[in-house]
Amino acid sequence: MAQFSFKGESFPYYPKELRLSGQKRLAKFPLAFGGTSVQQLGRDPLVITGSGELTGQLGAEFDRLYQLFLQPDSGILQLPGFSPIQCYFTALEGIGRPGPTVLEYQFTFLEDPEYAQTTLSVQAGTVQAAEGETLYTLARRLGIDAAALIAANPGVDPLAPERGTLLCLP
């Protein structure tokens, strides 16, 4: 099972709380002869929030998370049991509690809107191809070897997988 990580950096301890929030965008239209019609207009990016505790070298551990938070670009968030999600690290907070060697932290990630059309897969070890993505660009985005990704998906055109194709991760 994959470890909880962002941009390949593992979080020191698995969070004690994790929330994934999504929302559909809907519009209600009146019909010409009465009644209404509801149309789905897509979805908002996922918001992933949670909290955990750091122990031991609190300053060094929090600084490592803070350096990830400061990076301006999006990266891969890996949650155990889920396919990787391209996200921005949008919030980090450290909360002191009684005791010299424990620091609670809270975090927020926002799914990168460029990749928000890719459906989140709860099937471990898989990811869905996004619109216009090749297996080479997907491998680069996930930080994995392109040849291994291609070998794990025989029969899939590496230059033009269909959007939404469920791909096996090596």
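The values are calculated or read from the model by the stated rules, or taken from the named source; none is laboratory data. Because the structure is a prediction, the values reported are computed rather than measured. Every residue, glycine among them, receives a Cβ derived from its backbone with ideal geometry; neighbour counts consider all protein chains shown.
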Quick one: Ala2 ticks every box in (1) in contact with a strand residue (DSSP E or B) (Cβ under 8 Å, 6 or more places away or on another chain); (2) modelled with pLDDT of 85 or more bar one, so which box is it?
-> (2)
Flagged in segment 8-41 as touching a residue at least 60 places away in the same chain (Cβ under 8 Å) and in a strand (DSSP E or B), in numbering order, are Leu18, Leu20
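Which ones in segment 26-46 are touching a Ser or Thr at 6+ places or on another chain (Cβ under 8 Å) and surrounded by fewer than 17 Cβ atoms within 10 Å (Cβ to Cβ)? Steps first, please.
Going through segment 26-46, the residues touching a Ser or Thr at 6+ places or on another chain (Cβ under 8 Å) turn out to be 28-31, 46.
If the condition is that a residue be touching a Ser or Thr at 6+ places or on another chain (Cβ under 8 Å) and surrounded by fewer than 17 Cβ atoms within 10 Å (Cβ to Cβ), then Lys28, Phe29, Pro30, Leu31 are the ones that fit.
Is it true that Pro45 is part of a loop (DSSP other than H, G, I, E, B) and either in the same structural domain as Cys168 (by TED's automatic domain parsing) or touching an Asp or Glu at 6+ places or on another chain (Cβ under 7 Å) (or both)? Before you say what the answer is, go through the steps one by one.
Values: part of a loop (DSSP other than H, G, I, E, B): yes; either in the same structural domain as Cys168 (by TED's automatic domain parsing) or touching an Asp or Glu at 6+ places or on another chain (Cβ under 7 Å) (or both): yes.
Yes; evaluated as a whole, the condition is true for this residue.
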May I ask you to verify whether Ala139 is in contact with a Leu (Cβ under 9 Å, 6 or more places away or on another chain), at pLDDT below 80 and either over 25 Å from Val156 (Cβ atoms) or outside the structural domain of Glu9 (by TED's automatic domain parsing) (or both)?
-> no
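Kindly evaluate Gly50 against the criterion of being of a type in the set (Gly, Ala, Ser), surrounded by 12 or more Cβ atoms within 10 Å (Cβ to Cβ) and at pLDDT 80 or above. Before you say what the answer is, go through the steps one by one.
On the way: of a type in the set (Gly, Ala, Ser): yes; surrounded by 12 or more Cβ atoms within 10 Å (Cβ to Cβ): yes; at pLDDT 80 or above: yes.
When the stated conditions are applied, Gly50 passes them.
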Of (1) part of a loop (DSSP other than H, G, I, E, B); (2) more than 30 Å from Glu53 (Cα to Cα); (3) at pLDDT below 85, Pro98 fails just (2)
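Condition (residue is in a strand (DSSP E or B) and surrounded by 15 or more Cβ atoms within 10 Å (Cβ to Cβ)) applied to segment 54-72: is it met by at least one residue?
Initial filter on segment 54-72 (in a strand (DSSP E or B)): 54-55.
If we keep only those that are surrounded by 15 or more Cβ atoms within 10 Å (Cβ to Cβ) as well, we get 54.
Within segment 54-72 (the criterion being in a strand (DSSP E or B) and surrounded by 15 or more Cβ atoms within 10 Å (Cβ to Cβ)), the answer is yes, since at least one residue qualifies.
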Any residue at all in segment 101-123 that is in contact with a strand residue (DSSP E or B) (Cβ under 9 Å, 6 or more places away or on another chain), modelled with pLDDT of 80 or more and assigned to a loop (DSSP other than H, G, I, E, B)?
-> yes
